[in-house]
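Presented below is the structure to which this report refers.
The numbers here are math on the coordinates, done by the rules we state, and not lab data. What you see is a predicted model, and the numbers here were worked out from it, not measured in a lab. Here the Cβ positions follow ideal geometry from the backbone for every residue, glycine too, while neighbour counts run over all protein chains shown.
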Amino acid sequence: GNSVTQMEGPVTLSEEAFLTINCTYTATGYPSLFWYVQYPGEGLQLLLKATKADDKGSNKGFEATYRKETTSFHLEKGSVQVSDSAVYFCALRKNSGYALNFGKGTSLLVTP
Amino acid sequence: DSGVTQTPKHLITATGQRVTLRCSPRSGDLSVYWYQQSLDQGLQFLIQYYNGEERAKGNILERFSAQQFPDLHSELNLSSLELGDSALYFCASSARTGDNSPLHFGNGTRLTVT
């Protein structure tokens, strides 16, 4: 079936450090890939997406590139801020208009 | 603010009871999705409705049911509750099927079964 595997957290970084959160997927065909972020006490918010191989999604300094050859969609940010502390979820959508399959989430804590 | 409204925010009930969770999607969104979030299982897709019709089923227990009404709001009914049903239940909505419009999530209903 379709599934997403994320690196386990928590990830703790100092402000201005480089961030990578690994995400790999298993799916047939060409799924769309997403990163969502969840701040404490809130629902998930779309961070970025990519709908085909080699697409790069980007938003608020975060980037992820859809790599079909390695079935990966790793999230990166060059310089994290304390306000980036949250839980990050990688997700795939097999077919347009259908539900997302989420990874288990990676908790990020950025310290001053 | 995502525009998706879930009520109530918190619910505490006893084992064996039945509860109803309510979701109002973003204005104009036709699809509603229900997810369960727990520490051990992560985010599990339960069920999707599109314009009043059931569209897809995920890991939804037989004790759980849902519906989407003509005004597009949705309800998730959980019955014969067990301790293991304690979780955060999210509703999400998206514009329409056939495109790749993103899911917009509500802030969830936290259910505690004692």
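Beyond 29 Å between alpha-carbons counts as too far, so tell me which of A:K56/A:K94; A:K77/B:K9; A:K49/A:K104; A:K68/B:K9; A:K94/B:K9; A:K60/B:K57 fall in that bin. In this structure, A:K77/B:K9; A:K68/B:K9; A:K94/B:K9; A:K60/B:K57 exceed 29 Å between Cα atoms. With a cut-off of 19 Å on the backbone N, the residues of the stretch A:74-96 near the modelled label site 7 Å out from A:A53 along Cα-Cβ are A:74, A:92-96. Here the label points at A:K60 and B:N100, each 7 Å from Cα along the C-beta direction, are separated by 2.1 nm in the simple model. Charge tally for B:S65 (other residues, Cβ to Cβ under 12 Å; Lys, Arg +1; Asp, Glu -1): 0. Using a cutoff of 8 angstrom between alpha carbon atoms and counting only pairs six or more residues apart, the relative contact order for chain B works out to 37 percent. Based on C-alpha pairs under 8 angstrom that are at least 6 apart in sequence, chain A has a relative contact order of 37 percent.
What's the FRET efficiency of A:K68 with B:E82 using the Cβ-Cβ distance as r and R₀ = 35 Å, to the nearest 0.05?
0.25
Placing a pseudo-label 7 Å from each Cα along the Cα-to-Cβ vector at B:E54 and A:T5 gives an inter-label distance of 3.3 nm. Dipole check for chain A: with +1 at the C-beta of Lys and Arg, -1 at the C-beta of Asp and Glu, and the Cα centre as origin, the magnitude is about 460 Debye. Rounded to the nearest 20 debye, the dipole size of the protein assembly as shown about its Cα centre is 320 debye, using +1 on the Cβ of Lys and Arg and -1 on the Cβ of Asp and Glu. Place +1 on the Cβ of every Lys and Arg and -1 on the Cβ of every Asp and Glu in the protein assembly as shown, take the dipole about the Cα centre, and give the residue among A:A53, A:G103, A:C23 whose Cα lies farthest towards its positive end. Of A:A53, A:G103, A:C23, it is A:A53.
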